[in-house]
Amino acid sequence: MAQLAAASAAPCALLALTAFSGAPAWACLLCFTSYSERHRICQIFAGVEGPRVEKCEEAFSDAFKGLQDAEINYDERGHLHDSFSQITFSLQEIASAQGSYLVAFPYAAKKMQEVIARLKKVPACVPPCGFQELSRRFLCLGCYSKVCDLPLDCPIQDVTVRRGDQATFSCTVNFQLPKEEITYSWKFAEGGVRTRDTSFFREMPRARGYLARIRPVQPTHSGTFSCVITHDELPVARLYFFLNVTGPPPRGETELQGTFREVVRWAPREEEGVEPWKPGLGELLAEPGALTSGNLFLLAAAAALASAGVTVLAWAFFLWYFSGN
Ligand SMILES: *[C@@H]1O[C@H](CO)[C@@H](O)[C@H](O)[C@H]1NC(C)=O
């Protein structure tokens, strides 16, 4: 079966190759004007049918040979199409006025070259990864468009953090992203694995920002974090951060801390930089060395105040209940 597929694929590839190398030299003209438009222009220049029309069509293609390798910004193809429509129109006028195509075609081709030179340039492809839609180019040779030939998966970035410290991952790329409908999602491959294999990852559905932060880092956080950037529901790039947790093995105090909620904070999407840290009580307690005597005193005082409050309330209720009877 596979052999059959391979056998049938080979002639296809050959066919594509010959079609490609046989592309006419005047490819930009071919992409943006129709055969009937070109044929009509030559009919006006050289009569209804016959060898004179064929010679005119040859001269037409020869004049536009300079545009065969033109690569234009994909967003600008509308402009180019408009310019070709204008050129077609003025060539028809020149032909109707009994002008010479030997002058008119080279002049039109030169004008077209100037138009192409003025079009907005295509941003360069920025390695090493990403689907860079804004760098999409239109190739006159073959009349098709293509994006940079780069993989979606970016190389793994190694991040080494000491246990108890903070880790931040910034899901940013060095090429320009479309302005709208960009979303971020995060995944985690736990158990200290350093991988880009999707089967190891599980979703972290609450994480939606481009910036991720973990504090304090624990040995259980070692592994690979992955951020997927999507535009309009299509993946643009997949970034990987391998978190290597180093530092001393857990001491006695860590067992106590283990009972507190671990802090995994994910920055909201709009956020510009690292958020200022406003710790809650839980986070303070989760910090190593948080249970100092001073903090314990504050905690005790808060607890005493709370219980005093409850007592007063109970007493007030008691008074109200019995005064009612
Ligand atoms: C983690 O970092 C330590 C210290 O830099 C290094 O010795 C170790 O090989 C790293 N582990 C992995 C899995 O890369």
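Only the coordinates and a few stated rules stand behind these numbers; no lab work does. None of these values were measured; they are calculated from a predicted model. Note that we place each Cβ from the backbone using ideal geometry, even for glycine, and neighbour counts take in every protein chain shown.
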May I ask you to list the GluC sites (Glu not before Pro) in segment 99-198 that are in a DSSP loop and have at most 11 other Cβ atoms within 10 Å of their Cβ?
GLU180, GLU181
Neighbouring Cβ atoms within 10 Å as the yardstick, rank SER96, SER199, SER145 fewest first.
SER199, SER96, SER145
At R0 = 22 Å, FRET efficiency that the Cβ-Cβ distance of SER145 and GLU37 yields, to 0.05:
0.50
For LEU91, what charge total do you get from the other residues with a beta carbon under 12 Å from its beta carbon, if Lys and Arg give +1 and Asp and Glu give -1?
+1
How much FRET efficiency would the formula 1/(1 + (r/R0)^6) give for ASP158 and GLU114, where r is the Cβ-Cβ distance and R0 is 51 Å, rounded to 0.05?
0.50
Could you pull out every one of the lysines with an alpha carbon less than 17 Å from that of LYS146, ignoring same-chain neighbours closer than 8 positions?
LYS120, LYS121
